[in-house]
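J.: Take this structure, written in structure tokens, and hold onto it; I'll ask about it next.
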Amino acid sequence: MGDIEVDSIEFGSTLFESPAFVSLNLDHVQVAGGEKGVHGLLGSPFFTQYQAVIDFSKNRLELFNIKN
């Protein structure tokens with residue numbers, strides 16, 4: 001476990017500069033529906049700046065910056 005330094009990451013056409021990441025072992029987390037596993041989590045620090053809309057029918061995550 002620990003902090004990970006990332007210069008930037010891009011989701012779709014949105015670039016996130018200097019995002020904060022923490023590495024965690026998520027092997028113990030069970031996934032509903034027999035999926036392949038948890039690849040990552042977005043936490044409250046992320047959602048204090050961005051609002052997310054998840055469209056499960058299109059497998060799509062839309063992010064909106066709420067702090068302009």
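Every read-out reported here was derived from the displayed coordinates using simple, explicitly stated rules and does not represent laboratory data. All values derive from a computational prediction rather than experimental measurement. Positions of Cβ are backbone-derived with ideal geometry, glycine not excepted, and every protein chain shown enters the neighbour counts.
J.: Over all pairs of distinct alpha carbons, what does the Kirkwood formula give as the hydrodynamic radius of the chain, in Å?
T.: On the way: mean 1/r = 0.0711 Å⁻¹.
After inverting the pairwise mean of 1/r, the radius is 14.1 Å.
J.: Oh, and also: Work out the charge dipole of the chain with +1 on the Cβ of Lys and Arg and -1 on the Cβ of Asp and Glu about the Cα centre, then indicate which of Ser13, Val53, Leu42 is farthest towards its positive end.
T.: Among Ser13, Val53, Leu42, the one farthest towards the positive end of the dipole of the chain is Val53.
J.: Separate question: 7 Å from Cα along Cα→Cβ at both Asn59 and Asp27: what's the point-to-point distance in nm?
T.: Result for the modelled spin labels: 2.7 nm.
J.: Taking only C-alpha pairs under 8 Å that are 6+ residues apart, what is the relative contact order of the chain in percent? Please list the in-between numbers first.
T.: Working: 68 pairs, mean separation 13.1, N = 68.
Reported relative contact order: 19 percent.
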